[in-house]
Amino acid sequence: MKLKIVSVLACTLFFALTTSAQNKNSTAKRHYDVAAFLYPAYASDDPRLRPFWPSGIGEWETVTSVQERFPGFYWNRKPLWGTINEADSAVMSMEINQAVDHGVNVFIFDWYWYDGRPFMETTLDNGFLKAGNRDKMKFYLMWANHDVVNVWDTRLNKYNENNVIWTGRVDRNEFERICKRDIDKYFKSPQYYKINGKPVFMIYDLPNLINGLGGLQQTIDALKWFREETKKAGFPGLDLQFTMWGANFNFSGVDADKGEKPQNAVLQKLGFTSATHYQFAHFLNVNDDYLNILEQMKKEWAKIDAEFDIPYYPHISVGWDNSPRTGKSAVVRNNTPENFEKALRMAKDYADAHPKQVPLITINSWNEWTETSYLQPDNVNGYGYLEAIKKVFLLQ
């Protein structure tokens with residue numbers, strides 16, 4: 001009889017513990033990787049920035065001179081944190097705290113290579129990687145391999161010359177130099193963002209890469225070599241991320257296989273394993289109301305789901321207005337923090353509807369001031385955009 005009572009008690013206790021664990025799991029908050037692109041031009045100690053911004057504060061020079069260049073102009077934004085030097089580890093430490101406290105746990109660094117050497121690397125090397133609290137966040141690289149024209153230099157861009165100052169194209173030898181350097185210097189960092197152990201590396205301008213390497217087959221070979229080198233370094237592989245510029249893309253000199261999913265076939269040949277966008281302006285009509293843009297975005301996501309087999313990570317842009325550089329621009333309207341929150345919820349719903357892939361969401365951006373697409377607090381919206389992320393992803 002005593003054994004029977006003990007047995008019943010044991011079963012009751014087991015059931016109670018099991019039910020408690022199940023209830024706990026069912027109500028547990030899902031973790032999301034919210035990744036904001038970081039444009040590393042707001043640095044005060046990088047001599048290579050001075051040809052474009054001679055005052056020595058990077059592209060803050062463009063931000064702070066708008067009213068001087070265009071008296072009475074409508075764009076008059078001011079950063080609440082001031083014209084900070086993001087290549088200062090103490091400043092970056094503050095930014096990391098602010099990012100994480102508001103739900104941003106990954107920075108995607110725009111990373112450049114021109115004239116045979118890296119460009120704008122000090123924000124990552126001297127700022128983020130030397131910050132005392134860097135272990136709070138992850139980072140990965142988006143190789144911004146586009147050409148450099150006069151758009152950064154406000155003294156010249158008004159003439160619309162668009163002459164190429166530096167080309168983003170590289171040949172095979174230089175490509176291998178870049179990849180070996182990134183594997184050794186960045187992929188091996190404990191803070192580097194990985195999916196299933198694979199370092200994530202994003203390429204911005206695929207046509208430029210193909211043209212530099214000499215064609216589609218040469219690019220297939222080069223990217224295969226890159227994946228193999230990543231494995232040799234001790235990783236299970238490389239998560240090669242494609243910057244989607246719209247579902248119906250085509251490349252000069254590249255013939256996709258004929259079939260139902262021709263663009264998908266090209267990406268598979270090249271070895272891309274995931275995709276996201278960088279900016280709404282790349283694939284949507286941004287001279288519109290933000291809520292209309294979100295409707296366009298939903299259609300684009302549905303198209304991507306139908307036409308591509310690799311995981312797509314949903315992208316949200318804060319806005320678009322490039323007029324601080326040029327004086328004129330297409331402008332996203334009504335992109336209030338409240339409407340930005342609606343966009344974030346759509347991205348969260350997309351991630352939840354794709355449970356087999358990592359819940360990664362990309363945002364443009366942490367600090368693209370001169371494109372008016374930034375999360376950092378200002379005199380117009382305060383901390384509104386950061387609070388929207390916190391509400392959606394931390395207070396869910």
* Is it the case that some residue within segment 296-315 is within 23 Å of residue 371 (Cβ to Cβ), among the acidic types (Asp, Glu) and touching a strand residue (DSSP E or B) at 6+ places or on another chain (Cβ under 9 Å)? -> no
* Structure fact -> Note on segment 315-330: residues basic (Lys, Arg) and in a loop (DSSP other than H, G, I, E, B) are 328
* Kindly indicate whether residue 138 is surrounded by 15 or more Cβ atoms within 10 Å (Cβ to Cβ), at pLDDT 95 or above, among the basic types (Lys, Arg) and out of contact with any Phe, Trp or Tyr (no Cβ under 9 Å at 6 or more places or on another chain). => no
* Checking residue 155 against (1) of a type outside the set (A, V, I, L, M, F, W, C); (2) assigned to a loop (DSSP other than H, G, I, E, B); (3) touching a residue at least 40 places away in the same chain (Cβ under 8 Å), which single condition isn't satisfied? -> (3)
* Under the condition of being modelled with pLDDT of 95 or more and either among the acidic types (Asp, Glu) or assigned to a loop (DSSP other than H, G, I, E, B) (or both), which residue from segment 259-283 is farthest from residue 343 (Cα to Cα)? -> 271
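Among the residues that make up segment 139-146, is at least one of them in contact with a strand residue (DSSP E or B) (Cβ under 7 Å, 6 or more places away or on another chain), under 23 Å from residue 54 (Cβ atoms) and either assigned to a helix (DSSP H, G or I) or touching a residue at least 40 places away in the same chain (Cβ under 8 Å) (or both)?
Initial filter on segment 139-146 (in contact with a strand residue (DSSP E or B) (Cβ under 7 Å, 6 or more places away or on another chain)): 139-145.
Still in the list and also under 23 Å from residue 54 (Cβ atoms): 144.
Narrowing the set further to residues that are either assigned to a helix (DSSP H, G or I) or touching a residue at least 40 places away in the same chain (Cβ under 8 Å) (or both) leaves 144.
Scanning segment 139-146 turns up at least one residue that is in contact with a strand residue (DSSP E or B) (Cβ under 7 Å, 6 or more places away or on another chain), under 23 Å from residue 54 (Cβ atoms) and either assigned to a helix (DSSP H, G or I) or touching a residue at least 40 places away in the same chain (Cβ under 8 Å) (or both).
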* Does segment 224-238 contain at least one residue that is over 21 Å from residue 315 (Cα atoms) and acidic (Asp, Glu)? -> yes
* Structure fact -> Residue set 123, 154, 167; condition surrounded by fewer than 19 Cβ atoms within 10 Å (Cβ to Cβ) and hydroxyl-bearing (Ser, Thr, Tyr); output residue 167
* Structure fact -> Selection from segment 305-350 of residues within 14 Å of residue 284 (Cα to Cα), among the β-branched types (Val, Ile, Thr) and under 19 Å from the mean Cα position of the chain (by Cα) yields 316, 318
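Conditions tested, residue by residue: (1) in a strand (DSSP E or B); (2) loosely packed, with under 11 Cβ neighbours inside 10 Å; (3) modelled with pLDDT under 95; (4) not small (Gly, Ala, Ser).
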residue: 21; (1), (2), (3), (4): no, yes, yes, no
residue: 37; (1), (2), (3), (4): yes, no, no, yes
residue: 41; (1), (2), (3), (4): no, no, no, no
residue: 58; (1), (2), (3), (4): no, no, no, no
residue: 72; (1), (2), (3), (4): no, yes, no, no
residue: 77; (1), (2), (3), (4): no, no, no, yes
residue: 81; (1), (2), (3), (4): no, no, no, yes
residue: 100; (1), (2), (3), (4): no, no, no, yes
residue: 107; (1), (2), (3), (4): yes, no, no, yes
* Residue, modelled with the lowest pLDDT, within segment 111-132, restricted to residues that are touching a strand residue (DSSP E or B) at 6+ places or on another chain (Cβ under 9 Å) and either assigned to a loop (DSSP other than H, G, I, E, B) or within 14 Å of residue 374 (Cα to Cα) (or both) -> 115
* Looking at 295, 300, which is the one that is part of a helix (DSSP H, G or I) and under 30 Å from residue 216 (Cβ atoms)? -> 300
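Let's see how each residue does on (1) part of a loop (DSSP other than H, G, I, E, B); (2) surrounded by fewer than 21 Cβ atoms within 10 Å (Cβ to Cβ); (3) in contact (Cβ under 8 Å) with a residue 12 or more places away in the chain:
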residue: 351; (1), (2), (3): no, yes, yes
residue: 380; (1), (2), (3): yes, yes, yes
residue: 387; (1), (2), (3): no, yes, yes
residue: 395; (1), (2), (3): yes, yes, no
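The values are calculated or read from the model by the stated rules, or taken from the named source; none is laboratory data. Remember, it's a predicted structure, so these values are computed and weren't measured experimentally. Ideal geometry is used to build each Cβ from the backbone, glycine not excepted, and the neighbour counts take in all protein chains shown.
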